[in-house]
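One structure coming up, written as structure tokens, with questions to follow.
The values are calculated or read from the model by the stated rules, or taken from the named source; none is laboratory data. Computed from a predicted structure; not experimentally measured. With ideal geometry, Cβ positions are generated from the backbone for all residues, glycine too; neighbour counts draw on all protein chains shown.
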Amino acid sequence: SQELEQSPQSLIVQEGKNLTINCTSSKTLYGLYWYKQKYGEGLIFLMMLQKGGEEKSHEKITAKLDEKKQQSSLHITASQPSHAGIYLCGASTTSGSARQLTFGSGTQLTVLP
Amino acid sequence: DTEVTQTPKHLVMGMTNKKSLKCEQHMGHRAMYWYKQKAKKPPELMFVYSYEKLSINESVPSRFSPECPNSSLLNLHLHALQPEDSALYLCASSQGQGGTQYFGPGTRLLVL
């Protein structure tokens, strides 16, 4: 089965600082998703990466998938308190003939004003 | 519009009660999902419906019974739950199975 390891587990940064969250897979990734979750709430879709070397940006968040398609990183530039939350990476996997999403354990981000 | 709605937002029930969670989307998505999330853990898949047919049941106890009355609605019927079933229950939908999933805000369930 596909396993996703996220690092770090938690991160505390000062507002304005840059940060990076990593997601490493035990198998080749065929679809890697990044979500953000506020505590006790639903997941908000951020970005999806499929091709080796792919990079996508939205506002101050950039996600990359390495060439070997086994590692992804999420980079936040000039962090703000609104970036605080839990960041989850998810991999598209196949169970029998069905496709499903398997998540990493999450990274808890705190941004200090 | 990428909105998935869930009701109720909070639910407290006893172990002998029967209750239902409801999920709705109007994006024309044909795949809908139920996840269970315990505190400080990632969501765990429970059920997947594709074109209103159950396609994945991740060995969930029979006290959880999913239902998909039409392509926009997904219910989760609860009966004789245990305190360890207390969790955040998340619904999601996608264009097709394997597509990007959009999540609802969740129902926080407490079983006493």
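Of all residues in segment B:70-91, count the ones that are among the aliphatic types (A, V, I, L, M), within 19 Å of B:Met13 (Cα to Cα) and more than 14 Å from chain A (Cβ to nearest Cβ).
4
To continue, here is another question. Taking into account only those residues within segment B:7-28 that are in contact with a Leu (Cβ under 7 Å, 6 or more places away or on another chain) and within 14 Å of chain A (Cβ to nearest Cβ), which is farthest from B:Ser50 (Cα to Cα)?
Ranking the candidates gives B:Leu11 first.
Scan segment B:1-32 for residues that are out of contact with any Pro (no Cβ under 9 Å at 6 or more places or on another chain) and closer than 30 Å to A:Ser10 by Cα and report the count.
Total meeting the criteria: 4.
If A:Leu11 passes every condition in (1) more than 12 Å from the chain's Cα centre (by Cα); (2) loosely packed, with under 15 Cβ neighbours inside 10 Å but one, which one does it miss?
(2)
Could I ask something else about it? How many of the residues making up segment B:71-112 are hydroxyl-bearing (Ser, Thr, Tyr), touching a Leu at 6+ places or on another chain (Cβ under 7 Å) and surrounded by fewer than 20 Cβ atoms within 10 Å (Cβ to Cβ)?
1
Would you be able to tell me the number of residues in segment A:59-109 that are of a type outside the set (Gly, Ala, Ser), surrounded by 14 or more Cβ atoms within 10 Å (Cβ to Cβ) and part of a strand (DSSP E or B)?
21
Follow-up question, since we're still on this one. Would you pick out the residues in segment A:55-73 that are of a type in the set (D, E, K, R) and at pLDDT 95 or above?
Answer for segment A:55-73, where residues must be of a type in the set (D, E, K, R) and at pLDDT 95 or above: A:Glu55, A:Lys56, A:Lys60, A:Lys64.
I would also like to ask the following. Which residues, counting only those in segment A:27-39, are in contact with a strand residue (DSSP E or B) (Cβ under 8 Å, 6 or more places away or on another chain) and exposed (fewer than 13 other Cβ atoms within 10 Å of the Cβ)?
A:Lys38, A:Tyr39
Exactly one of these conditions fails for A:Cys23: (1) more than 14 Å from chain B (Cβ to nearest Cβ); (2) buried (at least 18 other Cβ atoms within 10 Å of the Cβ); (3) in contact with a Ser or Thr (Cβ under 8 Å, 6 or more places away or on another chain). Give me its number.
(1)
Can you name every residue in segment A:61-102 that is touching a Cys at 6+ places or on another chain (Cβ under 7 Å) and either aromatic (Phe, Trp, Tyr) or within 14 Å of chain B (Cβ to nearest Cβ) (or both)?
A:Cys89
Only one of B:Glu67, B:Glu58 is within 14 Å of another protein chain (Cβ to nearest Cβ), touching a Leu at 6+ places or on another chain (Cβ under 8 Å) and without any contact (Cβ under 8 Å) to a residue 40 or more places away in the chain; which?
B:Glu58 is the lone residue from the list that is within 14 Å of another protein chain (Cβ to nearest Cβ), touching a Leu at 6+ places or on another chain (Cβ under 8 Å) and without any contact (Cβ under 8 Å) to a residue 40 or more places away in the chain.
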